[in-house]
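For reference, the structure discussed in these notes is given below.
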Amino acid sequence: MIAPLQDAPFATGLTPWTRTLPEHISPTAAKAYLSCSLMFYFERVVCLRKKTPVALHLGKAVHAALQAFHLARWRGGDDSPETIAAVFEQSFTDLERDEGPVNYKNDAKREKTRIDGLRVIAAYLDSPEAMKEKPRAVEVMLTESIPGLSVPLTGAMDLVEGNYTPVDFKSASSKPDRSHAVFDHEIQLVSYQLLLETVGENPPSLDLVFLVKTKKPQTIRVRSKPADRHRKLRVIALLDTAVEGIASNRFHPQPGMHCSWCQFRNECMAWLPEAYQERRAA
């Protein structure tokens, strides 16, 4: 049962939203909220439609191709480079149709993006990181109650290797800094560990695999040690901070580097707390 909260003024003054605890929280949603709660509001609450960023579109199409490859390894299907490239091509087109236009500057940019995707997939399939054995699971979704977290935690792991190492794949335009990559994705990685531990498994590592679309595409694995008690408690606190903020309708601008590529600049500039809107209307 979702617990209703006390009625409170809505911070943005834009659109009222049901004031209830979310049914669950995912690491992706928590990170989005903590990065900028107002961007989270525009994207996930009122669902303002914008052209899809090119990098996001490419990442989704690449993800679909990798999923097809790992499922084929899992089920003993066709995992040939030609088949996986065809999955990418189909997903690249389907996403344009199903999720709206992509923010390409021109047709040449679209074609370059498509070729970049094919190149990074080919580099992955030819790399030591491409899975040779049968995985433990592909795109596994878990939703579990975590002590200290007010709602269930949910997460979809791209890949779980035979030794129960969760692997998350990232598209990138440059080589990752290893220490920064682990810190930047800590909520996601530790959440996967928490979820696996609830089903009795203790992953030996928490891994990121970056598909880097440099001049010569690279596949780079970044390993991190399993979280200790301090890191787990820290991530649970971050997750619960996001839950509390979402449930309390606490959405406001959080200026930072992400503003330079945010699609909601105009909407953000129009934002005022409700008290100020009332004052302006008086």
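Just so you know, all these numbers are worked out from the coordinates, no wet-lab data involved. All figures in this text were calculated on a predicted structure; none of them were measured in a lab. So basically every Cβ, Gly included, is an ideal-geometry build from the backbone, and we count neighbours across all protein chains shown.
Considering only DSSP states other than H, G, I, E and B, which GluC sites (Glu not before Pro) in the range 31-99 qualify as loop sites with at most 16 other Cβ atoms within 10 Å? Each step should come with its number before you reach the end.
Details: sites: E43, E82, E89, E96, E99; in loops: E99.
Answer by residue number: E99.
Helix-only estimate, please: 222 nm mean residue ellipticity of the chain, summing -39500 (n - 2.57) across DSSP H runs of length 4 or more and dividing by its residues, to the nearest 500.
Details: 10 runs with 124 residues, N = 282.
Calculated mean residue ellipticity at 222 nm is -14000 deg cm²/dmol.
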Exercise. Nearest 0.05, what FRET efficiency do L272 and I115 give at R0 = 45 Å with Cβ-Cβ as r?
Worked result: 0.50
Exercise. List the trypsin sites (Lys or Arg not before Pro) in the range 116-215 that DSSP assigns to loop (not H, G, I, E or B) and whose Cβ has at most 15 other Cβ atoms within 10 Å. Which are they?
Worked result: K132, K215
Exercise. If all Cα-Cα distances of the chain are sorted into 5 Å bins from 0 onward, what percent lands in each bin, rounded to whole numbers?
Worked result: 1, 5, 11, 13, 16, 16, 15, 11, 7, 3, 2, 1, 0, 0
Exercise. I25: net charge of surrounding residues, Cβ under 14 Å, Lys/Arg +1, Asp/Glu -1, itself excluded?
Worked result: -2
Problem set entry | In nm, spacing of pseudo-spin labels at K132 and S150 (7 Å Cα→C-beta vector) | 4.9
Exercise. Relative to the Cα centre, what is the charge dipole magnitude of the chain, using +1 at the beta carbon of each Lys and Arg, -1 at the beta carbon of each Asp and Glu, and rounding to the nearest 20 debye?
Worked result: 880
For this session: Given the peptides 52-60, 227-235, arrange them by the average over their residues of other C-beta atoms within 10 Å, most packed first.
Result: 52-60, 227-235
For this session: Once you've got the Cα coordinates, tell me which of K51/K213; K134/K216; K109/K216; K50/K232; K31/K232; K170/K216 are over 25 Å apart.
Result: K134/K216; K50/K232
